[in-house]
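The block underneath contains the structure these notes are about, expressed in structure tokens.
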Amino acid sequence: EWDSARQSSSPRKGGGGSSTVVTGERKIHKKSWRFQLQKAGPLEADIPSGQRKQIASALRPVSRELHKLLPLLTDVHNHMAGFEQERWEFNKRIMSGMNRGECDVLAAREYCVVSVEPADWHSCSSAIWGEPGDECSSSEAPRFRQMFGIHPQCVEDVIDFKAAKETGKNDALGKIGHEDAMMCSRSKWQRELREHLQACPWALVGEIGLDRNTHHRKSFDDGRQHFVLRYQLELAAELGRPVSVHCVKADGAMLDLMSDIGAQQLPPTICMHSFSGSLESALQIIRLVEGKRIKKKARGGETATVANDDKVRVYFSFSAWTNLIKKNASQLVRGLEEAEPGKGVRRFLIESDWNTADFNFPGSDIPDVDKVLLAGLERLAELLGWDPGRVATQLAENTRHFLAPVDLQQVAGNDAGLPSVERKESRMVHCCDDK
């Protein structure tokens, strides 16, 4: 069904009587795109998610002056993959637009599609989305980049902890020990994860991480989350892949695990997805991964920053309905820039974190993803005191550097801005080049 949906329409370019706006080489159909961005959002009462207030705020009408900035943005984290009926319908419509060579449903530059468990991986493969650069993903259509990973909330479904416990002992960090890792390296999910990533040299690793919330506390306390995360981080480092990391109420454990692995054995670039931890935790992650010594701003004093080099490996992605709406959003955004003047903003990425579970209400539609992106852009600009156009341009540059380890073309100034990683052969075009 997925393959037939993807091939159901004959590829054609241009379009009948539809009014279009051309951005670079990409056609964006005004009828659906601009109309959807300007339509009224849902009422809070109509949203079944517990995040109804945040979602309603993120889906308010987008002012027309922001529309032109959408093609600069890359959604670095969304949940389009999956075989549930809602996602199947969502993706069938996207594929229809891709086959027509039109951009009538989504208009950002690129969308990074995360997976959360092995059951998602086929729906996130090139068999479904196509390879970047093939005939179903032309320069005039949105580009989709696959991400393969296991979410911390899903680890109970993929690892038999009881069997692992019988073959080894937990270490001081609460992770399953190395003897267990040797045993589990032969497990089906680890083998399949490696195979999917090797089949898609442009793919990222995600969504991965740690979650200490009440509902997932058992797999956190017994070490399963730590083991699965460690394996994925080390695999991403081995294959030279960027990662998208989920961290909820587990800042200390995340720092301990990364420290135990060692900065040189971590992935080339790391995105802390929808990070809502403290500013101090964010700075500690930067110090650990990049070898930086950053002093916090003293009350009434100046910020002092001493860095070993100018490399950026740690990024923080923001969404209008997750971390940008939290009380500490201002402290985190402004604090990162104050700690590294002129450089903190180079760590910022934008995401929708869209998913069917939360965006399921009367009137919900595919362009809601883009509304969330632009609402996030507007909020980030407000917090920084910048013009939205300047923020969008900065985000585009940041995204190029974040994705550079898996893109064929080197980013200008790469030697100063990125760690050295071996690049893999692929058919990937450099999806973020400015036209």
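The values are calculated or read from the model by the stated rules, or taken from the named source; none is laboratory data. Predicted, not measured: the structure shown is a model, and the values here were computed from it. Every residue, glycine among them, receives a Cβ derived from its backbone with ideal geometry; neighbour counts consider all protein chains shown. Side chains included, ligands, DNA and RNA excluded: accessible areas come from the protein's heavy atoms. Shrake-Rupley method; radii C 1.70, N 1.55, O 1.52, S 1.80 Å.
Below is a table of values for the structure above.
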{"item": "Residue-span extension gain [SER63 to LYS92] - 0.36 nm each, minus C-alpha spacing", "result": "7.6 nm"}
{"item": "Pair LYS249, ALA119: separation of 7 Å Cα→Cβ label points (nm)", "result": "2.4"}
{"item": "In nm, spacing of pseudo-spin labels at HIS215 and GLN198 (7 Å Cα→C-beta vector)", "result": "3.6"}
{"item": "Accessible-area value, ARG212, 1.4 Å probe, nucleic acids and ligands omitted, Å²", "result": "90"}
{"item": "Sequence of THR269, THR322 from largest to smallest accessible area, 1.4 Å probe", "result": "THR322, THR269"}
{"item": "Nearest-10 value in Å² for the accessible area of SER57, using the 1.4 Å probe", "result": "50"}
{"item": "Efficiency of FRET between GLU280 and GLN85 - r from beta-carbon atoms, R0 41 angstrom, step 0.05", "result": "0.40"}
{"item": "Gain upon complete extension [ALA357, GLU382; 0.36 nm per residue less C-alpha separation]", "result": "6.1 nm"}
{"item": "Pairwise centroid distance, computed over Cα atoms, of segment 352-386 with segment 51-93, Å", "result": "6"}
{"item": "Pairwise label distance in nanometres, GLN264 with ARG390, each label 7 Å out on the Cα-Cβ vector", "result": "4.0"}
